[in-house]
Amino acid sequence: MKNKIFSLLLVFTLLSVSVSAYADEMIIDPVEPEAEILSDTEDNIADLSDSGEFNVSLARSHADIINNFRTSNTWKYDEHNNRVNVSGLSALTYDYGLENCAKKRAEELATSYSHTRPDGTSCFTVFDELYPGVDYGAAGENIGYNTYGYNHDDSQMMFDLFKEEDEYYSGQGHRRNMLNPDFGYIGVARVTINGNNYWVHEFSGKPFSSEDKDGTGTEMQVFTETYDGYTATITLSKSIPYVKKKKDVLSKIKYTVSIKTPQGTQSGITVKKVNATKPKKGETKITFKFKKGSKEEKKAVKMLNKKFKKIPVKVASQ
């Protein structure tokens, strides 16, 4: 089933599906959210695919928004439309294997906007296609799209739609996926194809892979710091191939940075410089330097410059 929602010349469509290892597939009908205009923002990272452009940093920071929601005291409707309190849930672990699955599915949505893949199989067949024999336990998928285009930060807006605050049980499939206690892992993708932004959440009960195959094929490590309401998350290579000089380290490491304001919007704080030490005893150390976007961010920048320094990254032997 497919609904197109037109508002202010924009289109929003959402679908969700979830299964467990022992249950039949369940399809939740799409809802009809209202649209709002967001301002332009500078994207942190772009990753080109064969058919579109991924915004990896935006997608990964979107998972932080979901975890903030999931670990707060919130609610959902039961099958009788009674409000049920939800609390005590653990944060979802970001899984790069699930992210790879989400990327594949996001590209497919441009061809077939459905939980059925273009080849006619279930959305969950992508798991075995990319990770043959994987035991993922429970699984779920949320999908959505809008027509804002690549250069718009639509992450919070899409989360608000997925949250389905104003819907009853039949319209809260996405909300239930985000609050499902059977899920422990998440991967998110956002790809822009022909001006449309396609979003995918993939959930699982068991981990897929810690490997990030965006380009380097190296494992990633995630660091999060909070100060005065600002939340900074850095995803950084855990290891790199052998290099001898520190200038070569910077060409091998991979990182993304997401810094949110106390209001949950993208901060004006940006990375000014990244430094690396000369590889020694199989290790280099990475230091991030930040610059403020406004006077109010001065203290936060000072904290970030103290916290994100001399982060160890392994260097492979020759």
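The values are calculated or read from the model by the stated rules, or taken from the named source; none is laboratory data. Computed from a prediction, not measured in an experiment: that's the story for all the values here. Cβ coordinates were reconstructed from backbone atoms using ideal geometry, including for glycine residues, and neighbour counts include every protein chain displayed. Accessible surface is based on the protein model in full, side chains and every heavy atom, while ligands, DNA and RNA are left aside. Shrake-Rupley method; radii C 1.70, N 1.55, O 1.52, S 1.80 Å.
Here are some residues: 173, 187, 133, 137. Which one is touching an Asp or Glu at 6+ places or on another chain (Cβ under 7 Å) and of a type outside the set (A, V, I, L, M)?
Step by step, each of 173, 187, 133, 137 is checked, and only 187 is touching an Asp or Glu at 6+ places or on another chain (Cβ under 7 Å) and of a type outside the set (A, V, I, L, M).
Among the strands (runs of 3 or more DSSP E) confined wholly to the stretch 173-265, which include 2 or more residues that are at pLDDT below 85?
Where strands (runs of 3 or more DSSP E) fall fully within the stretch 173-265 and carry at least 2 residues being at pLDDT below 85, they are 220-227, 230-237, 255-260.
Picking from 119, 128, which residue would you name as being more than 21 Å from residue 173 (Cβ to Cβ), at pLDDT below 90 and either touching a His at 6+ places or on another chain (Cβ under 9 Å) or not aromatic (Phe, Trp, Tyr) (or both)?
Exactly one residue qualifies, and that residue is 128.
When the stretch 72-119 is examined, which residues are found to be open to solvent by 20 Å² or more (accessible area, probe 1.4 Å), in contact with a Gly (Cβ under 8 Å, 6 or more places away or on another chain) and among the aliphatic types (A, V, I, L, M)?
Across the stretch 72-119, the qualifying residue is only 110.
Going by the conditions given, is residue 94 among the hydroxyl-bearing types (Ser, Thr, Tyr), modelled with pLDDT under 90 and closer than 20 Å to residue 196 by Cα?
The answer is no for residue 94.
Please work out which residue is most open to solvent (accessible area, probe 1.4 Å), limiting yourself to the stretch 251-269 and to residues that are of a type outside the set (A, V, I, L, M) and in contact (Cβ under 8 Å) with a residue 60 or more places away in the chain.
265
Condition (residue is basic (Lys, Arg) and either open to solvent by less than 10 Å² (accessible area, probe 1.4 Å) or closer than 23 Å to residue 220 by Cβ (or both)) applied to the stretch 178-193: is it met by at least one residue?
Within the stretch 178-193 (the criterion being basic (Lys, Arg) and either open to solvent by less than 10 Å² (accessible area, probe 1.4 Å) or closer than 23 Å to residue 220 by Cβ (or both)), the answer is yes, since at least one residue qualifies.
Would you confirm whether any residue within the stretch 154-166 is modelled with pLDDT of 90 or more, exposed (fewer than 13 other Cβ atoms within 10 Å of the Cβ) and under 15 Å from residue 205 (Cα atoms)?
no
Quick one: residue 242 ticks every box in (1) open to solvent by 30 Å² or more (accessible area, probe 1.4 Å); (2) under 26 Å from the mean Cα position of the chain (by Cα); (3) hydroxyl-bearing (Ser, Thr, Tyr) bar one, so which box is it?
(2)
Regarding residue 283, is this residue open to solvent by 20 Å² or more (accessible area, probe 1.4 Å), modelled with pLDDT of 90 or more and among the acidic types (Asp, Glu)?
Yes: the conditions hold for residue 283.
Looking only at the stretch 295-318, how many residues end up being among the polar types (S, T, N, Q) and open to solvent by 40 Å² or more (accessible area, probe 1.4 Å)?
2
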